[in-house]
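Working notes, structure below.
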Amino acid sequence: MASCAMLLGLLLVLAGCAKSDPERPTGQALGGRGGTSVGGTGATSGAGGASGFGNPDEMRPPLVIDEVDAGSRCQPGVFCPPDSVDEDECGSLEIPSDVEVIVQPGNLLVVFDQSASMNDAWGSSNKLKAAQAALTAALTPLQDQLTVGAILFPTIACIPFLPPAMGGNVAPITDPLQISFRPAADFLAVWNGLWPGGNADGVGTPVNEAMDRAAVALQEAAGTLTGVTAVMLFTDGAPNCFADATLTGIPTALETAHAAEWLNGMPSIKTYVVGLPGAMDAPILNDIAVSGGSMSYITPDDPAVLTAKLQEIVQSTVKMGFDSCTLTLDPPAMVPDKLHVVVDEPMVGKQDVPRDLGNGAGWTISADGSTVELIGAFCDDAMAGRFSSVTFEYGCVELPPLPPIVVE
């Protein structure tokens, strides 16, 4: 499996109310020399520093001292809250974890209509240029984690009921007229050079043969594509040219049959259908999407909506998750019972995770505060990439809770 790993610095925010917390005496060390300073320097700073005390209105720096006056309550080289901090104010300290995030690249096969009707106006340009730009915008942020190929149709004009309307209208993915599977950055270099005049000149809509060619392309690439793969069909109308296997030289099947086969295969491949303006009266396109597991075809109101939807689809092919559900904290949490786990879930935001999420899901922390264990479906979700980050907060946490996990 093609993967890359990067060290995830998980934050342990140790927030304590120094004057009122009986479990942390005044002046107790949160970190010694060489710790990570995230709150600025105090009146006198020690080597490395510790993190700051403050409130939402004014962050006050901590005081880390090297020398003390006689009778001082502070000790050299340790975290010492200023005398003016009241019991409701909290500090923080960054503590790394040894967990890594695994990035599993994704794959996309674009099946794209380049018939002349794509030149019709849409938004500030035409359907062809709008769709071309939307796909570029969706791929670019994740181009280092994607492999992409494209089958354009038609590559030879097909006029319904006239030869060669029954086949030979779509070149295989290995043909120079198509874009074979390659890293997304290389794909984009070719993709953005297509249709230099901003217009297409294809005749006919041979979706059937294009899907036949897509099936062959996926089969031939099966040994090289790892991770999640998706098919994305763009068209502005119903199919009107249909393939004959005796002419194309490859097996043919209904578009819905191809989509269903890919969805039920190993690995499962979803088919998404983008119905550009003009495709609203083509129920076959929705049938293809339903058969392919994407529920319904996409009929964007404008290019901006299309871009947002394509970004969502592309992101779903790239999986990022933890390599382990056992997180080692160094230094350990000082008061384990007060630790909170906070997740950041895309499109939802940060949420405080209860220790018991139901159905055996949740998390635990060791008695010495050095190890956090994610358990059950919470562990599964973290490893599958549901959350963009996990942090640990101690003390002042005011976030909505993560809802209980429902196991079907």
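The values are calculated or read from the model by the stated rules, or taken from the named source; none is laboratory data. Owing to the predicted nature of the structure, the values given are computational and were not obtained by experimental measurement. Here the Cβ positions follow ideal geometry from the backbone for every residue, glycine too, while neighbour counts run over all protein chains shown.
Looking across segment 350-366, just one residue is under 23 Å from the mean Cα position of the chain (by Cα) and acidic (D, E), and that is D352. If you check V341 against the conditions, is it touching a Phe, Trp or Tyr at 6+ places or on another chain (Cβ under 7 Å) and either closer than 25 Å to L146 by Cβ or modelled with pLDDT under 95 (or both)? Judged against the criteria, V341 is a match.
In segment 144-171, the residue that is nearest to L218 (Cα to Cα) out of those that are at pLDDT below 95 and under 29 Å from the mean Cα position of the chain (by Cα) is Q145. Scan segment 333-350 for residues that are surrounded by fewer than 17 Cβ atoms within 10 Å (Cβ to Cβ), farther than 18 Å from S389 by Cβ and not β-branched (V, I, T) and jot them down. Passing the criteria: only D337.
Taken as a whole, the structure places P176 among residues that are surrounded by fewer than 22 Cβ atoms within 10 Å (Cβ to Cβ), free of Cβ contacts under 8 Å to residues at least 24 places away in the same chain, in a loop (DSSP other than H, G, I, E, B) and on the phi < 0 side of the Ramachandran plot.
Among the residues of segment 291-309, those identified as among the aliphatic types (A, V, I, L, M) and buried (at least 17 other Cβ atoms within 10 Å of the Cβ) are I298, L306. When residues in segment 310-323 are screened for being crowded, with 17+ Cβ neighbours inside 10 Å, at pLDDT 85 or above and of a type outside the set (V, I, T), 3 of them pass.
Taking segment 179-202 as the search range and keeping residues that are touching a residue at least 60 places away in the same chain (Cβ under 8 Å) and surrounded by fewer than 17 Cβ atoms within 10 Å (Cβ to Cβ), which one is farthest from the chain's Cα centre (by Cα)? Ranking the candidates gives D201 first. Please verify whether A243 is buried (at least 22 other Cβ atoms within 10 Å of the Cβ) and modelled with pLDDT of 95 or more, treating the condition exactly as stated. Against the criterion (buried (at least 22 other Cβ atoms within 10 Å of the Cβ) and modelled with pLDDT of 95 or more), A243 does not qualify. If you scan segment 179-211, which residues turn out to be in a loop (DSSP other than H, G, I, E, B) and touching a Phe, Trp or Tyr at 6+ places or on another chain (Cβ under 8 Å)? Across segment 179-211, the qualifying residues are T205, P206.
R355 satisfies every condition listed in (1) in contact (Cβ under 8 Å) with a residue 24 or more places away in the chain; (2) over 27 Å from L139 (Cβ atoms); (3) not polar (S, T, N, Q) except (1).
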